[in-house]
Every structure is written in structure tokens, then in C-alpha cells.
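Following: one structure in C-alpha cells, then a few remarks.
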Amino acid sequence: MTGFANPVIPGFHPDPSVCRVGEDYWLVTSSFEYFPGVPLFHSRDLLHWRQAGHVLTRDAQLPLEKAGCSGGIFAPTIRHARGRFWMITTNVSIGRHILVHAADPAGPWSDPILLEHGWIDPSLLFDDDGRVYMQANGHGGIIQRELDPETGAWLSESRAIWGGTGGQSLEAPHLYRIGDGYLLLCAEGGTEYGHMVTCARGPTPWGPFASCPRNPILS
């Protein structure tokens, strides 16, 4: 792509996550201690975005009474599967992940399923066989568990699946099914000058994951 100016979404919109449904792209970002939460954007070309609303618009979805500066909502992920949109994020101020869904991304979004919180930056993979996996960053690297998104029930124990390339603050995992394998995309290096994007490939959702020889793929 050429002939466009950054930022494509100006202002305070960190930690973007995007999913594509047909010709439409939907994007969500962190919102921290602000209400309503999780701004939602729409685009047809990844360059021109308009805000389509917010995901978390009710007190029951977004309790912020304990949220101080830089508390609240961290790093949402948006996905489309099973005929619905799904958004998962962490409300660090209540110590829980929040999982909601909607038939239409403009809402209304469901009441939240609250998941126990030991990590941050949750993401979801809806695999081709119907299984659903949640990734997050935790102690020991990127952590994964199998999840029933309809009920919030855990279907496996948590397991570390990748330790990164050695950069500090391994975080923001997203796992994708590509062909016969799996691509794990992460951030490392913190949020200052050492920030970078790294990736690894594996034959199953659980790995073993081999680091891309060209890491970091973005810095």
C-alpha cells in the first residue's frame, strides 16, 4: 500500500485487534479506566476507519469503581465465529477476563462471562475442529487453555506454549490456523524503543513452536 498517512486511527487507541468478515474489517482497542469501554471501528480497506460505537456500554459489562489511572480494560481481541462476534479482554481492576458476544458488532453485546484472571492480553482461536483456545501472557511465557466460550468453562489445564526470543515483556499473543499449521504472533521488548513483533510456527495449537528465523518481523 502507498499514498496513505499514519496514524490511520489518530488519538488514544492502543492495542488494536482486527477481524475480517467478508469485505468488512472490525477493530477494537484498549480503553483503560474510561466508560464506555472498548471502542469499535469499521473499515473496508484497513486505511479509512470510522468509529461504529463501543462494545462495553453497560455497568454490568464494565464495572470500573476500582479502576485508577491506567487500570480497567487491557488489550481486547475481536473474533468472528459460530455466526457471532466475540470480544475478550481483561478488566485488571476486578481481576477477571471479560468475554462477550453479539450477532451484530454494533450491538447489543451480551452480558459478560467472567473468567479467572492470572494473566493479561487474552486472545481466542476458534479452530477448524470446533475447539476454542485462549492465549494470554503469563509467568513462563505465553499461556494457553482450552475454553468453552458459551459457558466460560475451562476444558484443559493451562500450559506454557512459547517463551519468545529473549526480549523482555513477552505479551499480546494471537494464534492463527494457517493451512496445516499454526502461527503465533506476539510482542516483545516492552513499549519503548525495544518494542518488536515476533512470531513462531507449530504443527498443533500446543506447539511445539519454532521461532521464525527472521525475527523480529517488525521493530
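The values are calculated or read from the model by the stated rules, or taken from the named source; none is laboratory data. Predicted, not measured: the structure shown is a model, and the values here were computed from it. Heads up, the Cβs are rebuilt from the backbone with ideal geometry, glycines too, and the neighbour counts pull from every protein chain shown. These area figures cover heavy atoms from the full protein model, side chains too; ligands, DNA and RNA do not enter into them. Shrake-Rupley method; radii C 1.70, N 1.55, O 1.52, S 1.80 Å.
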How about region 181-216: which of its residues are in a strand (DSSP E or B) and over 18 Å from Val18 (Cβ atoms)? Gly181, Tyr182, Glu188, Met196, Thr198, Ala200, Arg201, Gly202, Ala210, Ser211
Residues located in region 204-219, provided they are more than 20 Å from the chain's Cα centre (by Cα) and open to solvent by 80 Å² or more (accessible area, probe 1.4 Å): Pro208, Pro213, Arg214
Which residue is farthest from Glu65 (Cα to Cα), if the candidates are limited to region 5-48 and must be open to solvent by 60 Å² or more (accessible area, probe 1.4 Å) and in contact with an Asp or Glu (Cβ under 9 Å, 6 or more places away or on another chain)? Arg44
Any idea which of (1) in contact (Cβ under 8 Å) with a residue 24 or more places away in the chain; (2) within 17 Å of Met87 (Cβ to Cβ) is the one Thr165 doesn't satisfy? (2)
Can you say whether Arg131 is open to solvent by 50 Å² or more (accessible area, probe 1.4 Å), in contact with a His (Cβ under 9 Å, 6 or more places away or on another chain) and modelled with pLDDT of 95 or more, as far as the supplied structure shows? no
Test: Cys186 is closer than 19 Å to His139 by Cβ and within 18 Å of the chain's Cα centre (by Cα): yes
By residue number, the members of region 135-180 that are surrounded by fewer than 14 Cβ atoms within 10 Å (Cβ to Cβ) and assigned to a loop (DSSP other than H, G, I, E, B) are His139, Gly140, Glu150, Thr151, Leu155, Ser156, Glu157, Gly163, Gly166, Gln168, Gly179, Asp180
Would region 99-119 turn up any residue that is charged (D, E, K, R) and modelled with pLDDT under 95? yes
I need a count of the residues in region 18-70 that are on the phi > 0 side of the Ramachandran plot and modelled with pLDDT under 95. 1
Can you go through Ser43, Ser31, Ser110 and tell me which one is touching a strand residue (DSSP E or B) at 6+ places or on another chain (Cβ under 6 Å), free of Cβ contacts under 8 Å to residues at least 12 places away in the same chain and not hydrophobic (A, V, I, L, M, F, W, C)? Ser110
